[in-house]
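Working notes for the structure below.
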């Protein structure tokens, strides 16, 4: 009972919550199953940590109720994130593509170090290699069973913060513990699934994709719900790259989506221009102006590559346009949680207080970060939610 709260999980949300509570004069204990804190922070962005996005809005998140985000994002903004890391860690942000902000050092460790310094300065306690086995509510408060140094200890506190993340990535200690605790306390769980994840192709089309493995190009990927313009990457098992990871959060098994392989040009205009020059070049030569030879050659069964532009019929021209601008993909599935950036779904927001993230069902129980039904796009959005939810919970505890 010597702690104002116990935080389960030393990831982005848990660390921010601990630090902000400390700055308010509170004392918390953070329990982390790994041997070091911030495991997913350290590998994010290829070890560079894309720690926020300048364009963050509620439109960049997949959730049952986007308006739920207004309360947290009004308390902790992108400017607050930038000021926090500049003020407490002398970390300057460098904008990459599409508003993504990275530390100029390109070292994710610098982000984690900010939290560790502040936790030390404010007297917060961090237990590593500590596996929480269960959380129960008793007359004395919350009873937390934690396995540490080979023995099982019982801790009691009035407030518990579930910041243990979601199922990606198991080798980093990821689990569904927060979801199980929420369910035990009667919370509704929105269906969970891998998100921001590569997609797989099987069957007769698998060999075609595998032959193009390593080829990357800028494309527009869309379905009836959303559209993204970023790179796609052909792999030996299907498709990856930023645009594919993005669309995966809006894709459901059995569905088909479309890819415009040449979004910056229109094939009808390119064909028209070629014809005005005499149309002596072949379809393959025209396409090689914009694609790798390997990709063009792979289109041999789909397009009349050897025909000269001048000889194209209207039907041929239309087939070329449809293939390039509306390439159809029906994935067999995804690469699962170990290849996913985040988990979609989680604790339903309609059973949480939007301002404090406290459970509406159990007083003193809080949920933040990835465990909640809030899934951001690729590019720093999930970190912004983690910082904001950690801050909001700290204000409440």
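Being within 25 Å of the chain's Cα centre (by Cα) and in contact (Cβ under 8 Å) with a residue 60 or more places away in the chain holds for only one residue in 329, 362, and it is 329. Filtered by the rule that a residue be within 30 Å of residue 297 (Cβ to Cβ) and either out of contact with any strand residue (DSSP E or B) (no Cβ under 7 Å at 6 or more places or on another chain) or free of Cβ contacts under 8 Å to residues at least 40 places away in the same chain (or both), segment 184-215 gives 202, 203, 204, 205, 206, 207, 208, 209, 210, 211, 213, 214. Among the residues making up segment 266-302, those that are surrounded by 13 or more Cβ atoms within 10 Å (Cβ to Cβ), touching a residue at least 24 places away in the same chain (Cβ under 8 Å) and outside any helix (DSSP H, G or I) are 266, 279, 281, 282, 290, 291, 292. Checking residue 181 against (1) over 24 Å from residue 396 (Cα atoms); (2) in a helix (DSSP H, G or I); (3) touching a strand residue (DSSP E or B) at 6+ places or on another chain (Cβ under 6 Å), which test does it fail? Single failed check for residue 181: (1). The requirement of being in the same structural domain as residue 292 (by TED's automatic domain parsing), outside any loop (DSSP other than H, G, I, E, B) and out of contact with any helix residue (DSSP H, G or I) (no Cβ under 6 Å at 6 or more places or on another chain) is not satisfied by residue 232. Here residue 174 fulfils each of the conditions (1) in a loop (DSSP other than H, G, I, E, B); (2) exposed (fewer than 15 other Cβ atoms within 10 Å of the Cβ) apart from (2).
For segment 344-353, residues that are assigned to a loop (DSSP other than H, G, I, E, B) and over 11 Å from residue 372 (Cβ atoms) total 1. Each residue in segment 235-252 was checked for being in contact with a helix residue (DSSP H, G or I) (Cβ under 6 Å, 6 or more places away or on another chain) and either buried (at least 24 other Cβ atoms within 10 Å of the Cβ) or part of a helix (DSSP H, G or I) (or both), and 1 pass. Just to be sure before I move on: is residue 148 touching a helix residue (DSSP H, G or I) at 6+ places or on another chain (Cβ under 8 Å) and without any contact (Cβ under 8 Å) to a residue 60 or more places away in the chain in the structure I sent? Answer is no for this residue.
The values are calculated or read from the model by the stated rules, or taken from the named source; none is laboratory data. These numbers come from a predicted model, not from an experiment. Backbone-built Cβ (ideal geometry, glycine too); neighbour counts: all protein chains shown.
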